[in-house]
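Trainee: After the structure tokens below, expect a handful of questions from me.
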Amino acid sequence: MKPIMLHGHERSITQIKYNREGDLIFSCAKDSQPNVWYSLNGERLGTFVGHNGAVWCIDCSWDTSKVLTGAADNFCKVWDCETGSQLHSIETRTAVRSNGFSYSGNLIMFTTDKTMGCNCEIHVYDLRDGDQLASNTPLLTIPIEGSKITSAIWGPYEESIVTGHENGEICIFDIKSGKTVQSCKDHTKQINDIQPYKDYTMFITASKDNTAKLFDMDTLELKKTYRTERPVNSAAISPLHEHVVLGGGQEAMQVTTTNTRVGKFDARFFHLVFEEEFGRVKGHFGPINSVAFHPDGKSYSSGGEDGYVRVHYFDANYLDINFDY
Amino acid sequence: MLDTMTSGKSWAEQVDQGDEGLPPPTEEFDEKRGIKTITEYRNEDGKVIKTIKTYKIETVKLSKSIAQRKMWKKYGAAANDPPGPNPSNTIMTEEVFMQFVQNKETPVPEEEDPLSKLTKQKIVQCRICKGDHWTTKCPYKDTLQPLQEKLEEGAKKPDIAPVSSSPAPNKPAGGKYIPPTLREGANKGRGETMSNQRKGDEAATIRVTNLSEDTRESDLQELFRPFGPISRIYLAKDKNTGQSKGFAFINFHRREDASRAIQGVSGFGYDHLILNVEWAKPSTQQ
């Protein structure tokens, strides 16, 4: 395969996402301008200008009309995807770490960092209610007492929020009551990324403890564990095959102090069920920070510490791969 | 010549004038192959640079919403980009291939751990296999110890006989100090010993067969080290895969060690296979 390299960021990529139909890729980095690209040819559609700090998270509504970004400048912003203009700007007390549109695109959720004497919090806003945004009074605020949230996604049916914490804990919050419904602690270190399966029946977590794990969305039951020998920064489940892709590498701060062995920074493909690694793709000059599958499963993208997004269209030899069992 | 005089410029200056002297950009479209070729000319430091861009035009059927999004105007930092990918942002890279891996986990290279280096130096020595671990933790405790004892018994018997007559006696592994005069070969002439040594080198070679494919030299080293010093290990490997072909030659310093190794390891179950150990046939006569 011949990857397309997208060079729109000056600093390391923090998150990449496809929209629902997969024709656009959204990327955000530690510089202040998130980008949006056409996935087919790598053409840049535009950038969202307005943030003033590292952008940690990005999401897109189901109809690709709105884009949500959260940044370290203590703002969570909603953009018009067609024109790139800012629709709403929500000021927070600390940096916004992760965010997401609900399935309907009406609710937005974001989590804030535990810094400067402020606790970590989950905020939920209803975009249909202009008062909430104007007066900055969220529909729901859930304060988190313990370890801070490092990654969060919406659960199915907009009823819950799945959160991954700095201590490896995973919780499900009910957004009606704001209470923890389920929690587990199968990871021993920070959860870097959570990505749902296409039908929201399960999700995969990527953790600093060198593993990625597959959980049942309803019961939080640990289904599978994918082991590597380095921290996993991001993991995604293929919507087409029973495959998962893991991106990682040693931490950015350790890159210069450990020996540079090639093959540390490749994306690794595991079989979803057998937990067996079957393929690797090289390319990045640093750890991979975010991976995402195209919704049709025939291509995937990765964003790395090197500031590049690489869009890969799979060859036939991957798509035809079969496991004997 | 006259012409240049009238216009007052040399042809070279005319080119320098800029775009006037440049051929107009051309655009060709090969409909059959769907390839569009754009040829452009521009001036740079007095040189005309011809740029040929080749695009492959593909027609893809898309849903209405995607097609609509394709028509959106660019914005932000990309607002001034021409239609099509901007080469400064979108870079086609070299072909990469997915490497298919068989093994589940690549082992962590040992060199990275300074402690593992230390353990390679012999701080403790096992009495059974001479490995660098405590005797009680010897992996061959159950297999090699009885074997060793048996061999030692066998070695002790000829010890009773006069030392000079028997070539077999040999200090038991980790045994008493034997002065050089009493060591084997000491009663013989000096030159003889030397030549014997040579011959012995050739002769103290054993052939091990029925090894498993995963066997490595280090495994053989571990297996045969208890019998005495080894001068060379040759493990036949497949050129392409690097896997063992299933046989190996082991050169001992002493023929006695070799014979003990044959006695000891022949029929020894190793890695689910029963090893077959015999004297190596002498190498091709010159």
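Trainee: On the accessible surface of the range A:117-248, probed at 1.4 Å, how many percent belong to carbon and sulfur atoms? Write down the numbers at each step before the final one.
Mentor: Details: 2340 of 5280 Å².
Carbon with sulfur: 44 percent of the solvent-accessible area.
Trainee: Listed highest first by mean packing, meaning other Cβ atoms within 10 Å per residue, what order do B:259-268, A:176-185 come in? Working shown, then result.
Mentor: Numbers: B:259-268: 17.8, A:176-185: 13.1.
Averaged packing, sorted descending, gives the order B:259-268, A:176-185.
Trainee: Please list A:E121, A:E276 from largest to smallest accessible area, probe radius 1.4 Å, with all protein chains kept in place. List each step's numbers first, then the result.
Mentor: Details: A:E121 35, A:E276 60 Å².
The residues order as A:E276, A:E121, largest area first.
Trainee: Once amide H atoms are placed 1.01 Å from N in the peptide plane, what residues at a sequence separation of 5 or more from A:G279, or on another chain, have their amide H within under 5 Å of its amide H?
Mentor: Here A:F269, B:V101 satisfy the definition.
Trainee: If you average the alpha carbon positions of the range B:214-228 and of the range A:78-134, how far apart do those two centres end up, in angstrom?
Mentor: Between the Cα centres of the range B:214-228 and the range A:78-134 lies a distance of 65 Å.
Trainee: Please give the net charge around A:N106, taking every other residue with its beta carbon less than 14 angstrom from that of A:N106, where Lys and Arg add +1 and Asp and Glu add -1. All intermediate terms of the calculation are to be shown ahead of the outcome.
Mentor: Numbers: positive: A:K66, A:R128; negative: A:D59, A:D63, A:D126, A:D129, A:E158, A:E159.
Net of charged neighbours comes to -4.
Trainee: Would you please give the residues with an amide H less than 5 Å from that of A:S290, counting only those at least 5 places away or on a separate chain, with H modeled from the backbone geometry?
Mentor: Under 5 Å from the amide H of A:S290: A:G303.
Trainee: May I pose another question? Which of A:G178, A:T225, A:Y200 sits closest to the plus end of the dipole of the range A:122-274, meaning its Cα is farthest towards the positive end, when Lys and Arg get +1 and Asp and Glu get -1 on the C-beta?
Mentor: A:T225
Trainee: How large is the charge dipole for the range A:121-269, taken about the Cα centre, if only the Cβ atoms of Lys, Arg (+1) and Asp, Glu (-1) carry charge, to the nearest 20 debye?
Mentor: 720
Trainee: With viscosity set to 0.692 mPa s at 37 °C, what whole-number translational diffusion coefficient in µm²/s follows for the range A:75-208 from Stokes-Einstein and a Kirkwood radius over Cα pairs? Present the calculation step by step, with values, prior to reporting the outcome.
Mentor: Values: Rh = 15.2 Å.
Approximately 216 µm²/s, per Stokes-Einstein.
Trainee: In whole Å, what are the extents of chain A along the principal axes defined by its C-alpha atoms, from largest to smallest?
Mentor: The Cα atoms of chain A stretch 56, 41, 40 Å along the principal axes, largest first.
Trainee: If you rank B:K237, A:K17 by how much accessible surface each has, with a 1.4 Å probe, what is the order from largest down?
Mentor: The residues order as B:K237, A:K17, largest area first.
Trainee: Here's a follow-up. How large is the translational diffusion coefficient of the range A:1-122 in µm² per second when you combine the Kirkwood radius over alpha carbon pairs with Stokes-Einstein at 37 °C and 0.692 mPa s? Mind dumping the intermediate values first?
Mentor: Details: Rh = 14.4 Å.
Rounded to a whole number, D works out at 228 µm²/s.
Trainee: Please identify the GluC sites (Glu not before Pro) of the range A:7-104 that satisfy two criteria: DSSP loop assignment and at most 12 other Cβ atoms within 10 Å. Which are they? Mind dumping the intermediate values first?
Mentor: Details: sites: A:E10, A:E21, A:E43, A:E82, A:E91; in loops: A:E10, A:E21, A:E43, A:E82.
Here the sparse-neighbourhood loop sites are A:E10.
Trainee: A further question follows. Hey, if you put +1 on the Cβ of every Lys and Arg and -1 on every Asp and Glu Cβ in the range B:206-262, which of B:A258, B:F247, B:L235 ends up farthest toward the positive end of that dipole?
Mentor: Checked the options; the winner is B:A258.
Trainee: In the neighborhood of A:E82, defined by Cβ-to-Cβ distances under 10 Å, what is the net charge if each Lys or Arg adds +1 and each Asp or Glu adds -1?
Mentor: +2
Trainee: What number comes out for the charge environment of A:A152, summing +1 per Lys or Arg and -1 per Asp or Glu over other residues with Cβ under 13 Å away?
Mentor: Numbers: positive: A:R97, A:K148; negative: A:D59, A:D113, A:E121, A:E166, A:E169, A:D193.
Net charge around A:A152: -4.
The values are calculated or read from the model by the stated rules, or taken from the named source; none is laboratory data. As the structure is a computational prediction, the values presented were derived from the model and not from experiment. Positions of Cβ are backbone-derived with ideal geometry, glycine not excepted, and every protein chain shown enters the neighbour counts. Accessible surface areas use protein heavy atoms only, side chains included; no ligands, DNA or RNA. Shrake-Rupley method; radii C 1.70, N 1.55, O 1.52, S 1.80 Å.
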